[in-house]
1. Residues in the range 152-173 near a label at Q223, defined as backbone nitrogen under 14 Å from the 7 Å Cα→Cβ point?
2. Obtain the radius of gyration and the Kirkwood radius of the range 177-281 from its C-alpha atoms and give Rg over Rh.
3. According to a simple spin-label model (label point 7 Å from Cα along Cα-to-Cβ), what is the distance in nm between T73 and Q264?
4. Is the range 162-218 rounded, prolate or oblate when judged by the Cα gyration tensor, a ≥ b ≥ c being the square roots of its eigenvalues, rounded requiring a/c under 1.5 and prolate requiring a/b larger than b/c?
5. Could you please rank F126, F53, placing first whichever residue has the fewest other Cβ atoms within 10 Å of its Cβ?
6. In what order do K248, K232, K210, K140 fall by count of nearby beta-carbon atoms within 10 Å, going from fewest to most?
7. How would the range 230-281 be classified by its alpha-carbon gyration tensor: rounded, prolate or oblate, with rounded meaning a/c under 1.5 and the a/b versus b/c comparison settling the rest?
8. Past 25 Å, Cα to Cα: identify those pairs from K82/K140; K51/K164; K187/K232; K140/K187; K164/K210, in the order given.
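Read-outs throughout are calculated quantities, based only on the coordinates presented, and are distinct from any laboratory measurement. Treat the numbers as computed from the prediction; the structure is a model and nothing was measured. Methodologically, a virtual Cβ is constructed for each residue, glycine included, from the backbone with ideal geometry; neighbour enumeration extends over all protein chains shown.
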Amino acid sequence: MLFPRPVNKEKVQEVKIVEKRVSSYNPNAGFSAEEAEYYEIFGHANHVSCKLFDSVDVAGRTVFDPGCGGEPTFAREVLLRKGVYIPSDVRYAALEAMGNAVGTGGFLADLTDLAAVPLMAGAYDFTHVRMVLRHLGDRKEEAVREAVRVTGIAAFFLELSWQKLLEQDFHIPLLDAFVGLNMEIMKQLDVDPFMGDSLEDLVRSACPEKEFGFFPGVYGRDQGPYSQELVKLGRMIASQIDNHNTAKRFAQPLRQLSARIEAQPFSFTPPDFHTITVFRL
Ligand SMILES: C[S@@+](CC[C@H](N)C(=O)[O-])C[C@H]1O[C@@H](n2cnc3c(N)ncnc32)[C@H](O)[C@@H]1O
């Protein structure tokens, strides 16, 4: 299959991605209200994506967004810039939510495991991979190679590092409890909380230097009243682990902790986004 396909339930059933474990995400998992709410308020992610895309002209060009999730803010930005937005995810429910939010008229999408994209080299002009690699376990390098292989002009990778959450200037017990609990959960789910820190090395080692130029960056925020982001993040993660074999025991404590943070908001320094842009030379 060489070209992106429309969102199509029958097609999805044909794709046997469920047979192998593609990442910490279950392909059959839904797109919950909690997930939509979290990404809606986490505007920093889109701010960073927009900054990166300011360096290119997407008008009339394709923007492939593997692991797009179902929240349409970035998609709308691409459409506003007159780009052709092409979402892709391992979860049908995420693609469906994206299709519903952005509209499906002329809307192309593909159900794809990022580590094995069924497309020809250079199929898309730009690729945007945001907060996906952290879920890919030992297949991160394959995923980077695939993302870059299908990109004709530039690929943008964005990953958070939770390091800043461990290095606050002063001790915030609720934040410590939140980070501690989530570290446990991420261990169970095989999610890399420090993906941002190793992103540049990973991308450079996956791409031959002679063929690509690299532009790394770090986008942080100063200390501020961001605890509502933690509340939404906590509720989203709790909804994702409700049915998980080993992590479900953390769902209730995480909901309780999120409620306590909501009742006692605080200021803190949020995690940095580490980015790297890979231009084809
Ligand atoms: C943390 S969410 C990020 C969503 C979106 N990129 C954003 O920044 O708002 C990770 C997304 O990657 C998807 N995903 C996980 N593993 C994947 C894989 N192997 N290939 C493609 N998508 C994947 C998940 O289903 C989920 O929607």
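1. Under cut-off, by backbone N: 165-173.
2. Computed over Cα atoms, the ratio is 1.09.
3. Reported label-point gap for Q264 and T73 is 2.8 nm.
4. In terms of gyration-tensor shape, oblate.
5. Least crowded to most crowded, the residues run F53, F126.
6. K210, K248, K232, K140
7. Note, shape of the range 230-281 comes out oblate.
8. Pairs exceeding 25 Å: K82/K140; K164/K210.
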